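The values are calculated or read from the model by the stated rules, or taken from the named source; none is laboratory data. These figures come from a predicted structure and were not determined experimentally. So basically every Cβ, Gly included, is an ideal-geometry build from the backbone, and we count neighbours across all protein chains shown.
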Amino acid sequence: MSSGWRDPLAAVERAYLLDRSTSLLRHDVRNKLASIRNMAFYLSKRVGKSALASEDARIELFLRQIDTEVTAADDLFEHFSTFSRTLHVRIKEPVSTGAAIAVAVDSARASTVGVAIAIDAEEATIQIDASEYALAIRCVFENALEAVHLEGTVEIVGRVTPNGYRIEVHDSGQGIAQPDEAFREFFTTKAGHIGLGLNIARNIAKRYGGQLQIATRDEGALVVLQVSP
Amino acid sequence: MRPEPRIIAARLAVLLVDDDEAYRFSLAVLLEDEIGVEVDVASTYDEATQKLEEAGNKYALVLLDQMLGSHPGQTLVPLVRERAPAARIMVVSGAEPSRAVEEAVDGVVLKTLAIPRLLEAISRQLEVRESATIALQNPTPGGPTR
């Protein structure tokens, strides 16, 4: 839908993608490093008592060095992940819900050709990081646009709730067959996608005391983004 | 020098739930060799559920990976409490867990910890479990009876 050169949410989205991918990579690499340490410890215990170790002092030295190097590699990862978390500075400020929805819809990158879009959003002002909130809405909106495959309807309904604001995005697509899987990072059924959109939206909702819920209706899907900042 | 992890006298059983094969295998070997426990392993949420439902009561300790595929490891906590009420639950994690996770389990240990300290932390959980069992078997004289 965006016709301009600049994507107003590009920076916050990049920061999120880097943070999530670093975090997942750190988890996987950490498991590998921890396995190496476990095995080095085992070998050190076994070989350390053998004749081989007394014949060649470098064996024990190298086994100890494996542990030291693994610890150093883990520290490097930790520093990098700390850095990636600081790329987006959050500013909680009064944000118009209507403006956030407008930014999200205007900057969406999925095609709207053949899609009837209806917006019925109650106006409110909430304390939240404007870019993060608009990004969360855009992720849900893009997911709906992609679900209708250039033919159908997407309806956005926004309402004030006792403790925040709720946005419901209805689409007339096929529905979400595996709602649990939709939140699995890097899981997608769509070619050319990386499968992080709804996950990003859920993380942002949780950051602001809310949640993201998915339901399949008789026709299409319903995704509800609730924030309670 | 840090003391060696104590070999637990009785052969207690531990359920180790972790989706990383190499980590699961290497930690199981260390637990068996260094602490002397019997280790059952599960690599998925479903496999862990099955083991707990079949023989939850045998476990003195359940070690849960914090990120277990699409399920956070702590989602198994209610089932462990139900099927293995006497078992201690410890999260073995690659990253600092949230406060909610810390409060839901009996202990947390980071995978980045030096191995002797990691084994020591796990031994301590087993010792707590053993003390609780002994106290139950030998209630204080004059204490409440059922």
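Matching residues to (1) touching an Asp or Glu at 6+ places or on another chain (Cβ under 6 Å); (2) part of a helix (DSSP H, G or I); (3) among the charged types (D, E, K, R); (4) without any contact (Cβ under 8 Å) to a residue 12 or more places away in the chain:
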position	(1), (2), (3), (4)
A:Asp7	no, no, yes, no
A:Asp19	no, yes, yes, no
A:Tyr42	no, yes, no, yes
A:Leu61	no, yes, no, yes
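Could you grab me the full set of residues in region B:75-102 that are in contact with a strand residue (DSSP E or B) (Cβ under 9 Å, 6 or more places away or on another chain), in a helix (DSSP H, G or I), touching a residue at least 24 places away in the same chain (Cβ under 8 Å) and surrounded by fewer than 21 Cβ atoms within 10 Å (Cβ to Cβ)?
Correct list: B:Thr75, B:Val77, B:Arg83, B:Val101.
If you scan region A:194-229, which residues turn out to be surrounded by 19 or more Cβ atoms within 10 Å (Cβ to Cβ) and either free of Cβ contacts under 8 Å to residues at least 24 places away in the same chain or of a type in the set (Gly, Ala, Ser) (or both)?
Once the filter is applied, which keeps residues that are surrounded by 19 or more Cβ atoms within 10 Å (Cβ to Cβ) and either free of Cβ contacts under 8 Å to residues at least 24 places away in the same chain or of a type in the set (Gly, Ala, Ser) (or both), region A:194-229 yields A:Gly197, A:Ala201, A:Arg202, A:Ala205, A:Gly210, A:Gly220, A:Ala221.
Report yes if some residue within region A:128-138 is in a strand (DSSP E or B), β-branched (Val, Ile, Thr) and under 27 Å from A:Ala15 (Cβ atoms); otherwise report no.
yes
Any residue at all in region A:104-122 that's in contact (Cβ under 8 Å) with a residue 40 or more places away in the chain, buried (at least 16 other Cβ atoms within 10 Å of the Cβ), assigned to a helix (DSSP H, G or I) and not small (Gly, Ala, Ser)?
Taking every residue of region A:104-122 in turn, at least one turns out to be in contact (Cβ under 8 Å) with a residue 40 or more places away in the chain, buried (at least 16 other Cβ atoms within 10 Å of the Cβ), assigned to a helix (DSSP H, G or I) and not small (Gly, Ala, Ser).
Answer yes or no: is there a residue in region A:23-43 that is facing another protein chain (nearest Cβ under 9 Å), under 25 Å from the mean Cα position of the chain (by Cα) and hydroxyl-bearing (Ser, Thr, Tyr).
The answer is yes, given that some residue of region A:23-43 is facing another protein chain (nearest Cβ under 9 Å), under 25 Å from the mean Cα position of the chain (by Cα) and hydroxyl-bearing (Ser, Thr, Tyr).
Only one of (1) polar (S, T, N, Q); (2) modelled with pLDDT under 85; (3) closer than 18 Å to A:Thr22 by Cβ is not met by A:Gln174, so which one is it?
Condition (3) is where A:Gln174 drops out.
Look through region A:67-90, keep the residues that are out of contact with any helix residue (DSSP H, G or I) (no Cβ under 8 Å at 6 or more places or on another chain) and not hydroxyl-bearing (Ser, Thr, Tyr), and return whichever of them is surrounded by the fewest Cβ atoms within 10 Å (Cβ to Cβ).
Only one residue tops the list, namely A:Val89.
If you scan region A:63-96, which residues turn out to be touching a residue at least 12 places away in the same chain (Cβ under 8 Å) and assigned to a loop (DSSP other than H, G, I, E, B)?
If the condition is that a residue be touching a residue at least 12 places away in the same chain (Cβ under 8 Å) and assigned to a loop (DSSP other than H, G, I, E, B), then A:Leu87, A:His88, A:Arg90, A:Ile91, A:Lys92 are the ones that fit.
Any residue in region B:16-27 that is within 8 Å of another protein chain (Cβ to nearest Cβ) sitting within a Cβ distance under 6 Å of a residue that is in a helix (DSSP H, G or I) and of a type in the set (A, V, I, L, M, F, W, C)? List the pairs, counting only those 6 or more apart or interchain.
B:Tyr23/A:Ala34; B:Ser26/A:Met39
Could you look through region B:109-120, keep only residues that are crowded, with 17+ Cβ neighbours inside 10 Å and farther than 14 Å from B:Val14 by Cα, and pick out the one that is farthest from the other protein chains (Cβ to nearest Cβ)?
The selected residue is B:Glu120.
Which of the residues that make up region B:44-63 are within 14 Å of chain A (Cβ to nearest Cβ) and under 13 Å from the mean Cα position of the chain (by Cα)?
B:Leu63
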